[in-house]
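**Q** Dumping the structure here so I can ask a few things about it.
The values are calculated or read from the model by the stated rules, or taken from the named source; none is laboratory data. Every value quoted in this text rests on a predicted model; they were computed, and no experiment measured them. When we count neighbours, we look across all protein chains shown, and the Cβ atoms used for this are built from the backbone with ideal geometry, even at glycine. These accessible areas exclude ligands, DNA and RNA; they are computed on the full protein's heavy atoms, side chains included. Shrake-Rupley method; radii C 1.70, N 1.55, O 1.52, S 1.80 Å.
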Amino acid sequence: MELDVVFLGTSGSMPTAKRALSATLVRRGGDRLLFDCAEGTQRQLLRSDVGLVELEEIFLTHHHADHYLGLPGMLKTFALRGREIPLTIYGPRGLNDLFGTLKRIFGRLTYSVSTVELEPGARLERDGYRLDCFAVDHGVTAIGYRLVEDGRPGRFDVEGADRLGVPAGRERGQLQRGESVTLADGRVVTPADVLGEPRAGRTVVLTGDTGPAASVVDAAAGAELLVHEATFLVDERDRARETGHSTAGEAALVAREAGVKLLALTHVSTRYFGHQVVEEATQLFPATVVPRDFDLVTIPFPERGEPELVRSGARTGHAERTNSMRVEPISPSDSSS
């Protein structure tokens, strides 16, 4: 099951020529989950290999304009294309009022849109994974999201099954699904006889805007990927406190305390270049990257490798992505804005 995170907009409160405003797409198998939908998000999707897909769920972290202003245009475009598939928008308390106001902009649609307000602690069950909501520290009603996959069965012991006389085919499939089987001679073989220890699924955590918070550390504990904002550097730490944001160093400390495998820093202020952000963070947590727009992070199962940053991975074909995958924190020579 493929799992990756596409960075569509990585700038802070204002866009730059190279960075759009907040929008992140998580792809798991055939599911497409959009987190935040800032101004220009539909164009970012169109410029990427993803395209303007018929999203079925959009998740807002909070109701500041640089995280939702792309919604009216996107919803209207869907209607102009004759969309009929329902759409659900999730967000923290206040979403219903916000959507009522936005209706005046996009008008009548060809499909139904429902809104669901969420609180920290809410859980959304999906096929093979769940989405948990957790508290963040941004000075307004805001939440982060954690995608947690279901656990997986342990590895199937083929040699052990051979020794027990389990025939190839249906019976082995039943054992892998956790079902016991009765052999022709009447012996019962249980999954525990042929399966190794259960294996955990993968975890991806997205904070939205937040200051450093114990709730984020808890949510991100052991995650494969933490997507954390880094609006400021240490020279503006007081400003970060005043506005409910984090410095790159503070985000790195959160990642280190949580024991994540990879930290991706977003919401980069126009004050800084990407290499400045990564330089501050990697002093405290070396496994840090600062994605640009259209970069992606691939997240394999743990036994198959580590999360990897793929530069421009959402702007190239699949074959090119496969050939170009690499982990990099960004080098000091990278001066992208």
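**Q** Using only the Cα atoms of the range 34-86, build the gyration tensor, take square roots of its eigenvalues as a ≥ b ≥ c, and label the shape rounded, prolate or oblate: rounded if a/c is under 1.5, else prolate if a/b is larger than b/c, else oblate.
**A** Judged from the Cα gyration tensor, the range 34-86 comes out prolate (a/c at least 1.5, a/b above b/c).
**Q** Oh, and also: List, in order, the whole-Hz ³J(HN,Hα) value for each residue of the range 155-168 obtained from phi through the Karplus relation with A = 6.51, B = -1.76, C = 1.60 and θ = phi - 60°; use x for Gly and Pro.
**A** Coupling constants for the range 155-168: 5, 7, 8, 5, 5, x, 5, 4, 4, 7, x, 6, x, 5 Hz.
**Q** Another question, if that's okay. Tell me the angle of helix 248-258 to the major Cα principal axis of the chain, expressed in degrees between 0 and 90 and rounded to the nearest ten.
**A** 20 degrees
**Q** Heavy-atom accessible area of Asp97 with all protein chains present, probe 1.4 Å, nearest 10 Å²?
**A** Using a 1.4 Å probe on the heavy atoms, I get roughly 120 Å².
**Q** For Asp127 and Arg43 in one chain, what is 0.36 nm times their gap in residues minus the Cα-Cα distance, to one decimal in nm?
**A** The Asp127-Arg43 span can extend by a further 27.3 nm.
**Q** Less than 11 Å Cβ to Cβ from Asp218, Lys/Arg counted +1 and Asp/Glu -1: what total charge do the surrounding residues give?
**A** -1
**Q** Amide H neighbours of Gly154 under 5 Å, counting only residues 5+ apart in sequence or on other chains, H built in-plane at 1.01 Å?
**A** The answer is Gly196, Arg199.
**Q** For the range 158-261, just the Cα set please: Rg and Dmax, both in angstrom.
**A** Cα only, the range 158-261: 24.1, 74 Å (Rg, Dmax).
**Q** With a 1.4 Å probe and all protein chains left in place, how much accessible area per residue does the chain have, in Å²?
**A** Heavy-atom SASA per residue in the chain reads 44 Å².
**Q** How large is ³J(HN,Hα), in whole Hz, for each residue of the range 98-111 in order, when computed from phi with the Karplus curve 6.51 cos²θ - 1.76 cosθ + 1.60 and θ = phi - 60°, using x for Gly and Pro?
**A** 4, 5, x, 5, 5, 4, 5, 8, 8, x, 7, 10, 8, 9
**Q** Excluding same-chain residues fewer than 8 positions from Lys76, which lysines have a Cα within less than 29 Å of its Cα?
**A** Lys18, Lys103
**Q** OK, next. Please compute the length gained on full extension between Ala200 and Tyr111, using 0.36 nm multiplied by the number of residues separating them and subtracting their Cα-Cα distance.
**A** 28.3 nm
**Q** Around Ser312, which amide H atoms from residues at least 5 apart in sequence, or from another chain, sit under 5 Å from its own amide H, with H modelled in the peptide plane?
**A** It is Asp295, Leu296, by chain and number.
**Q** Excluding Asp127 itself, what net charge comes from residues whose Cβ is under 12 Å from its Cβ, given Lys and Arg +1 and Asp and Glu -1? The partial results should precede the final answer.
**A** Details: positive: Arg28, Arg126, Arg130; negative: Asp31, Glu125, Glu149, Asp150.
Overall, the nearby charge balance is -1.
**Q** Please work out whether the range 1-138 counts as rounded, prolate or oblate from its C-alpha gyration tensor, where a ≥ b ≥ c are the square roots of the eigenvalues and a/c under 1.5 means rounded, while otherwise a/b larger than b/c means prolate and anything else oblate?
**A** The shape class here is rounded.
**Q** I've got another one for you. Which whole-Hz couplings ³J(HN,Hα) result when phi for each residue of the range 5-19 is put into the Karplus expression 6.51 cos²θ - 1.76 cosθ + 1.60, θ = phi - 60°, listed in order with x for Gly and Pro?
**A** 10, 9, 9, 8, x, 10, 8, x, 5, 10, x, 10, 5, 10, 10
**Q** Add +1 for every Lys or Arg and -1 for every Asp or Glu among the other residues with Cβ under 11 Å from the Cβ of Arg152, and state the total.
**A** Every neighbour counted, the sum reads -1.
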